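Supplied in structure tokens, the structure appears directly below.
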Amino acid sequence: MTAIIVCAPATDLRVRADDLLTIDFRLPTMSRRRKQPSATSRFPAGGFRDPSSWLSGFVAWLEAECGMAANTVLAYRRDLEKFLDWNRKHARRTVHQIDVDTIRTFLDHLRRQGLAASSIGRNLAVVRMFFRYLMLENIVAESIVDLVTSPKLWQHLPKVLSLELIEQLLNAPKGSVDRYARRDHALLAVMYATGCRVSEVIDLKLADINPDERYARCTGKGNKQRMVSLTPVAVSAINRYVNLERPGLVRNAAQDPEYLFLSRSGRRLQREAVWALIRRYAARAGCGDNVSPHTLRHSFATHLLARGADIRALQEMLGHASIRTTQIYTQVDHTRLKAVHSQCHPRG
């Protein structure tokens, strides 16, 4: 006699983080079974060890294996330390004892602190990456964090300046008012001409600039290099700065600096200084509030799309790993959408 076994479909245990924050979540009894560490695990199931013991190894893994940029690694470390500190003070769980309830309580703690859904999702992603590292190192056999998905986020469209405001911003540095007007004008011109991130611009070296061929070599996230084009305005601004103003900054340096944009002490210009410069010139040009270095990057991408640039080419210019990141700019360009609507709609 042949026995027939009927298997019921497995219950989907994946839950959203925003659901975790609002409902009293309980896992079925069967789902509470945890895999035991393998025989080669370096952490016995019955012992106690603070999860922060693996923080330094996790950071080294992000740098060496994942190839993340220094600023990204710093942000990941800061977010993970937030979870580890909370666990040390409140939960007191080892990596094998952390479960869905632990993550739920941590997310609720972040929500009570007033963090936005995007910030909560970022913290959850870092904890997920941490457990992925622990699994690769054979410290845990599974990751309970994989049962939790990130919060559902609203998509915020980036702020973009009009062509008139961009022109006013680029011309905002004045030699009669600003001490390093040529440097600041060149900095703004390069950022808008290339669409580079602020970290990529301040890392530019003299050897990376080819004014004759009108291109620059920049190093982006994950130490990936790409070539970006320079406009005639940007090349002219760089030449004036390098020939007339940069030599005075070099004299203040302890040794001959290799970076293009220098501070008054002859060192590489810092991110915070660029933020302050752009906000000052944006206020002078009447560009409104919340103008940042990334506003120039958003404006660069949107203006290119408005003039018919291919989105794949734009992805390469911006250094985006995924085309989905670039596609957000197709929603910002209202003139292009209006033209497509008028051309394609039967009553347009």
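The values are calculated or read from the model by the stated rules, or taken from the named source; none is laboratory data. Values in this document were obtained by computation on a predicted structure and should not be read as measured data. Heads up, the Cβs are rebuilt from the backbone with ideal geometry, glycines too, and the neighbour counts pull from every protein chain shown.
Test of understanding: among 95, 73, which residue is in the same structural domain as residue 133 (by TED's automatic domain parsing) and touching an Asp or Glu at 6+ places or on another chain (Cβ under 6 Å)?
Details: 95 fails: touching an Asp or Glu at 6+ places or on another chain (Cβ under 6 Å).
Exactly one of 95, 73 is in the same structural domain as residue 133 (by TED's automatic domain parsing) and touching an Asp or Glu at 6+ places or on another chain (Cβ under 6 Å), namely 73.
Note down all Cβ pairs under 6 Å where the first residue falls in the range 97-118 and is touching a residue at least 12 places away in the same chain (Cβ under 8 Å), the second is of a type in the set (Lys, Arg), and they're at least six residues apart or on different chains.
The qualifying pairs are 102/93.
Taking the conditions exactly as written (assigned by TED's automatic domain parsing to the domain that holds residue 167, surrounded by fewer than 21 Cβ atoms within 10 Å (Cβ to Cβ) and either within 23 Å of residue 165 (Cα to Cα) or of a type in the set (A, V, I, L, M, F, W, C) (or both)), does residue 272 satisfy them or not?
Working: assigned by TED's automatic domain parsing to the domain that holds residue 167: yes; surrounded by fewer than 21 Cβ atoms within 10 Å (Cβ to Cβ): yes; either within 23 Å of residue 165 (Cα to Cα) or of a type in the set (A, V, I, L, M, F, W, C) (or both): yes.
Here the answer is yes, as residue 272 does meet what is asked.
Restricted to the range 311-337, and to residues that are among the hydroxyl-bearing types (Ser, Thr, Tyr) and more than 16 Å from the chain's Cα centre (by Cα), which residue is modelled with the highest pLDDT? Don't jump to the end; show me each part of the working.
The initial filter retains those residues of the range 311-337 that are among the hydroxyl-bearing types (Ser, Thr, Tyr), namely 322, 325-326, 329-330, 335.
When the remaining residues are screened for being more than 16 Å from the chain's Cα centre (by Cα), the result is 329-330, 335.
Working: 329: 81, 330: 73, 335: 62.
So the residue we want is 329.
Right, another one. Any idea which residue in the range 199-219 is surrounded by the most Cβ atoms within 10 Å (Cβ to Cβ), counting only those that are of a type in the set (Asp, Glu) and under 19 Å from residue 258 (Cα atoms)? Even if it seems obvious, please write down each step before you answer.
We begin by selecting, within the range 199-219, every residue of a type in the set (Asp, Glu); these are 200, 203, 208, 212-213.
Going one step further and asking which of them are under 19 Å from residue 258 (Cα atoms), we end up with 200, 203, 208.
On the way: 200: 24, 203: 18, 208: 19.
For the range 199-219, the residue satisfying everything is 200.
Separate question: Look at residue 278 and say whether it is under 25 Å from residue 178 (Cβ atoms) and β-branched (Val, Ile, Thr). Steps first, answer last, please.
Numbers: under 25 Å from residue 178 (Cβ atoms): yes; β-branched (Val, Ile, Thr): yes.
Criteria met by residue 278.
Identify all residues within the range 204-242 that are within 18 Å of residue 296 (Cα to Cα), in a loop (DSSP other than H, G, I, E, B) and free of Cβ contacts under 8 Å to residues at least 60 places away in the same chain; write none if there are none.
Listed by number, the residues that qualify are 204, 230, 231.
Identify all residues within the range 193-241 that are hydroxyl-bearing (Ser, Thr, Tyr) and touching a His at 6+ places or on another chain (Cβ under 9 Å); write none if there are none. Spell out the reasoning first.
Taking the range 193-241 as the starting set, the residues that turn out to be hydroxyl-bearing (Ser, Thr, Tyr) are 194, 199, 215, 219, 229, 231, 236, 241.
The one that is hydroxyl-bearing (Ser, Thr, Tyr) and touching a His at 6+ places or on another chain (Cβ under 9 Å): 241.
Any chance the range 284-300 includes a residue that's touching a residue at least 24 places away in the same chain (Cβ under 8 Å), surrounded by 19 or more Cβ atoms within 10 Å (Cβ to Cβ) and among the basic types (Lys, Arg)? It would help to see each step written out before you state the result.
Initially, the range 284-300 is screened for residues touching a residue at least 24 places away in the same chain (Cβ under 8 Å), giving 284-287, 290-291, 293-300.
The next check asks that each one be surrounded by 19 or more Cβ atoms within 10 Å (Cβ to Cβ); those that pass are 285, 287, 291, 293, 295-300.
Still in the running and among the basic types (Lys, Arg): 297.
Yes, some residue in the range 284-300 is touching a residue at least 24 places away in the same chain (Cβ under 8 Å), surrounded by 19 or more Cβ atoms within 10 Å (Cβ to Cβ) and among the basic types (Lys, Arg).
OK, next. Please list, ordered by residue number, the helices (runs of 4 or more DSSP H) wholly in the range 92-198 having 3 or more residues that are of a type in the set (A, V, I, L, M) and surrounded by fewer than 19 Cβ atoms within 10 Å (Cβ to Cβ). Steps first, answer last, please.
Details: elements: 100-112, 117-136, 163-170, 181-194.
Here the list reads 117-136.
Looking at 222, 248, 175, can you tell me which residue is assigned by TED's automatic domain parsing to the domain that holds residue 298, modelled with pLDDT under 95 and within 24 Å of residue 69 (Cβ to Cβ)? Reasoning before the result, please.
Working: 248 fails: within 24 Å of residue 69 (Cβ to Cβ); 175 fails: within 24 Å of residue 69 (Cβ to Cβ).
The conditions single out 222.
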